[in-house]
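Heads up, the thing below is written out as structure tokens.
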Amino acid sequence: MSYNLLMNSPFILENHTEYKEWRDLKLSHYPIQKNKLIFKFDDNIVDEKVLNLFKSAINDYNFAIYEFRSEVLDKKLLNFCATLGLTNSVSNLFSDQDNISNITNQGEKEKLTSKGEYIPYTNKQLNWHTDGYYYPINSAIKSFLLHCVCPAKEGGENLLMDHEIIYIHIRDHNPDFIDVLMQNNVMEIPSNKNIKGSKNISGPVFYVDEKNFLNMRFTSRQQNIIWKKNDMIKKIKKFIFEFVNEDKKYLFKLLLKKNQGYIANNVLHKRENYIDGDKKRLLKRLRFSNRLG
Ligand SMILES: [Fe+2]
């Protein structure tokens with residue numbers, strides 16, 4: 001379901017002029033100049049000017065990278081998010097009292113527990129997805145922060161692709177693909193045995209929310225997912241994977257350093273596998289039900 005789609009929304013397939021205008025503006029920000037997307041913040045006072053530039057980058061790309069000079073404690077991370085208007089954090093099975101998830105390789109010790117079953121808590125590759133794709137759209141994850149406390153010895157690179165760019169790429173190729181991807185029952189996630197009362201969740205891949213922003217729900221997982229039976233689905237998935245795996249212009253690769261992180265309006269992303277050093281790779285994640293911008 002899309003809410004209150006405005007008459008002049010660029011996301012109505014018939015609105016060619018509005019779409020072209022929105023599309024051309026979006027594409028004008030590419031190719032990405034990496035240095036334009038990394039913002040250094042002072043440790044104690046978050047500079048208003050830098051903050052505005054950071055927000056403006058998120059407006060253009062749906063993600064941006066921040067960097068602090070020294071260690072960032074949880075409280076400061078929460079304050080930083082609050083300064084940006086990200087206050088509606090969302091908990092999950094493994095988050096702490098501040099809704100922060102400590103993403104680290106659980107290794108052998110947790111293999112038999114539910115936490116060890118989740119790829120994020122291993123050192124394996126985490127394939128393309130948007131966060132919370134298994135939630136219904138009325139309780140969607142609209143943005144998230146990923147903060148690096150300790151990088152891996154090797155690997156663990158993050159790959160990001162703005163979901164609006166993917167939308168453009170698909171629509172320019174075949175608007176009928178978009179029509180299918182916006183259907184309310186195109187992707188179904190069966191109930192989760194680890195969550196009491198969990199139900200099957202059905203929803204679109206792309207949808208427009210109540211504030212007229214475009215959102216994406218997507219996972220590359222092959223199991224525990226039921227795609228609607230439609231002749232086009234196979235072609236669409238192939239088209240998406242070819243784009244995200246082969247594109248050079250719109251794809252952003254990022255190896256987070258200590259005290260660096262990024263905030264994203266839930267763009268499509270992926271993590272490469274990694275090898276821990278003496279100290280384990282540790283990333284902190286916060287998810288929000290509102291977005292930035
Ligand atoms: Fe993720």
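Just one of the numbered conditions (1) modelled with pLDDT under 95; (2) part of a loop (DSSP other than H, G, I, E, B) is not true of N99: (1). Figure legend. Inter-residue proximity from the range 1-24: first residues under 15 Å from I178 (Cβ atoms) and at pLDDT 95 or above, second residues open to solvent by 50 Å² or more (accessible area, probe 1.4 Å) and not hydrophobic (A, V, I, L, M, F, W, C), beta-carbon distance below 6 Å, spacing 6+ or different chains. Indicated pairs: P10/E18; L13/P175; E18/N8.
State whether the residues of the range 153-164 include one that is part of a helix (DSSP H, G or I) and modelled with pLDDT of 95 or more. Yes; the residues of the range 153-164 include at least one that is part of a helix (DSSP H, G or I) and modelled with pLDDT of 95 or more.
For the range 75-94, a tally of residues being touching a residue at least 60 places away in the same chain (Cβ under 8 Å) and of a type in the set (G, A, S) returns 2.
Of the strands (runs of 3 or more DSSP E) contained entirely in the range 220-293, those carrying at least 1 residues that are small (G, A, S) and within 16 Å of the ligand (Cβ to nearest atom) fall at 260-264. Can you pull out every residue in the range 148-161 that is within 16 Å of the ligand (Cβ to nearest atom) and of a type in the set (D, E, K, R)? Of everything in the range 148-161, just one residue is within 16 Å of the ligand (Cβ to nearest atom) and of a type in the set (D, E, K, R), namely E157. Determine if the range 69-85 includes at least one residue that is touching a helix residue (DSSP H, G or I) at 6+ places or on another chain (Cβ under 7 Å), over 24 Å from L251 (Cα atoms) and of a type in the set (D, E, K, R). Checked against the condition, which is being touching a helix residue (DSSP H, G or I) at 6+ places or on another chain (Cβ under 7 Å), over 24 Å from L251 (Cα atoms) and of a type in the set (D, E, K, R), the range 69-85 yields no hits at all. Here is the figure for the range 42-62: residues that are in contact with a helix residue (DSSP H, G or I) (Cβ under 6 Å, 6 or more places away or on another chain) and either open to solvent by less than 40 Å² (accessible area, probe 1.4 Å) or assigned to a strand (DSSP E or B) (or both) total 1.
Annotation note: of I168, I137, the sole residue that is more than 19 Å from N290 (Cα to Cα) and within 19 Å of the chain's Cα centre (by Cα) is I168. Pull out all pairs, ordered by first then second residue, where Cβ-Cβ is under 9 Å, the residues are six or more apart or on different chains, the first lies in the range 118-139 and is under 18 Å from S191 (Cα atoms) and hydrophobic (A, V, I, L, M, F, W, C), and the second is away from the ligand (no atom under 13 Å from the Cβ) and open to solvent by less than 20 Å² (accessible area, probe 1.4 Å). Every condition considered, the pairs that remain are I137/G203; I137/P204; I137/Y207; I137/D209; I137/N215. Within the range 162-183, restricting attention to residues that are within 16 Å of the ligand (Cβ to nearest atom) and within 20 Å of W227 (Cβ to Cβ), the residue that is surrounded by the most Cβ atoms within 10 Å (Cβ to Cβ) is I166. The residue list V90, V72 contains one member that is buried (at least 18 other Cβ atoms within 10 Å of the Cβ) and over 19 Å from the mean Cα position of the chain (by Cα), which is V72.
Taking the criterion of being away from the ligand (no atom under 14 Å from the Cβ) and not in a helix (DSSP H, G or I), the only residue of the range 126-147 that qualifies is P136.
The values are calculated or read from the model by the stated rules, or taken from the named source; none is laboratory data. Every value quoted in this text rests on a predicted model; they were computed, and no experiment measured them. In this analysis, Cβ positions are derived from the backbone assuming ideal geometry, glycine residues included, and neighbour counts consider all displayed protein chains. Note: areas computed on protein heavy atoms with side chains; ligands, DNA, RNA excluded. Shrake-Rupley method; radii C 1.70, N 1.55, O 1.52, S 1.80 Å.
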